[in-house]
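Quick notes on the structure that follows.
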Amino acid sequence: MGPGQRVGQRHRSGKTVSKAIIFDVDGTLAETEETHRKAFNHAFAAAGLDWHWDQALYEKLLATTGGKERIRFFIESFGGNAAPADDLDTFIPALHASKTRAYTEIISSGDIELRPGIRELIIDAKMHGFRLAIATTTTPANVDALLNVTLGGSGVFEVICAGDSVPDKKPAPDVYALVLDRLGLPAAACVALEDSCNGLQSAVAAGIPTVVTPGIYTAGQEFGAAALVVDDLAALDFGKIYGLTAPAGQAGRRRSR
Ligand code: XBP
Ligand code: MG
């Protein structure tokens, strides 16, 4: 079976061929980290904190995935003074919730575009019968806001796993493993799309061949484990993505749902 044929057809092995593309969100679907940075700074100002994350600092802080985890990392490693050391478990989620409100407000204003080639890939993939899913660290409300303004909603994605849906965030494989479970697919029948080293490690640790499109904050990172590294998806022929999935009948056993 090749790119010319639709997935979902019955293979001569008798098995229905099912394949999927699993999308990361921040830096992959769209260049959103600058908006996240602005939203963090907005929340700090609203809380009366004299913290400010400029681009250079934010690039360092992005080594920690998850906004709550990133605030805690900042407090512990960069001397986030004024944080109530004895009450961080309340302080951080409240500050992060304020950040999420600021982020969804900015994104919902519509001043964001999908990265080049993303929309075309979604159309191509659906045309070839691929199933689509999302594996992201960001908060579910952020995913909804982005998909609403860029794709008119989340309808094209069969499975969306985000934020605290798993205890261990990227680079741990958990969120990708959860998506595979929800799809009921083996890793070899899927391709992941990522922008960062943490994301790449997470997808590869889950056994998924991964295409990396480095973003404005991740261009210099290590992508040696990637199946493909491309500037953006606009130049990537769908056949290349198709070719990364295991041939029909060889993807191995489905994961039990
Ligand atoms: C990237 C992240 C997220 C965002 C901030 O997510 O690490 O934490 O930077 O979002 P992705 P939250 O896996 O999509 O690349 O503040 O909601 O965590
Ligand atoms: Mg990302």
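A few comments on the model shown:
- Heavy-atom surface of the stretch 127-257, accessible at 1.4 Å and reported per residue (Å²): 40 Å²
- log10 of Debye I(q)/I(0), alpha-carbon scatterers only, for the stretch 122-171 at 0.14, 0.30, 0.32 Å⁻¹: -0.39, -1.13, -1.19
- Listed by chain and number, the lysines whose C-alpha is less than 18 Å from the C-alpha of Lys126, apart from same-chain residues fewer than 8 away, are Lys19, Lys240.
- The chain: calculated mean residue ellipticity at 222 nm from DSSP helix runs of at least 4, using -39500 (n - 2.57): -12000 deg cm²/dmol
- Mean separation of Cα contacts under 8 Å, 6 or more apart, over the residue count of the stretch 52-166: relative contact order %: 24 percent
- Solvent-accessible surface ranking, highest first, for Ile75, Ile107, Ile216 at 1.4 angstrom: Ile216, Ile75, Ile107
- Distance between the modelled labels on Asp164 and Ala205, one decimal in nanometres: 2.1 nm (7 Å Cα→Cβ projection).
- Across the stretch 60-73, coupling constants 3J(HN,Hα) worked out from phi with the 6.51/-1.76/1.60 Karplus curve, θ = phi - 60°, read 5, 5, 5, 4, 9, 7, x, x, 5, 5, 5, 4, 4, 4 Hz, and Gly and Pro carry x.
- When His36, His42, His128 are compared by accessible area at a 1.4 angstrom probe, the order from most to least is His42, His128, His36.
- Degrees, to the nearest 10: 140-151 long Cα axis against longest axis of the chain: 60 degrees
- The length gained by stretching the chain between Arg182 and Gln55 to full extension, at 0.36 nm per residue less their Cα-Cα distance, is 42.1 nm.
- Shape call, the stretch 77-183: gyration tensor on alpha carbons, a/c limit 1.5: oblate
- Tilt relative to the chain, helix 174-183 - C-alpha long axis, 0 to 90 degrees, to 10: 40 degrees
- Square roots of 5 times each gyration tensor eigenvalue, C-alpha, the stretch 150-213, largest first, Å: 17, 14, 14
- For Val229, distant residues with modelled amide H under 5 Å away: Val212
- Looking at the stretch 128-257, the pairs of alpha carbons with a distance over 18 Å make up 56% of the total.
- Listed by chain and number, the lysines whose C-alpha is less than 29 Å from the C-alpha of Lys99, apart from same-chain residues fewer than 8 away, are Lys38, Lys60, Lys68, Lys169, Lys170.
- Degrees between helix 33-46 axis and first principal axis of the chain (Cα, 0 to 90, nearest 10): 30 degrees
- Size check on the chain: the Cα extents along the three principal axes, sorted descending, read 65, 33, 31 Å.
- For Ile134, residues with placed amide H under 5 Å, excluding near neighbours: Phe23, Val159, Ile160, Cys161
The values are calculated or read from the model by the stated rules, or taken from the named source; none is laboratory data. Bear in mind the structure is a predicted one, so any value in this text is a computation, not a measurement. Every residue, glycine among them, receives a Cβ derived from its backbone with ideal geometry; neighbour counts consider all protein chains shown. Just so you know, the surface numbers come from the protein's heavy atoms only, side chains and all, with ligands and any DNA or RNA stripped out. Shrake-Rupley method; radii C 1.70, N 1.55, O 1.52, S 1.80 Å.
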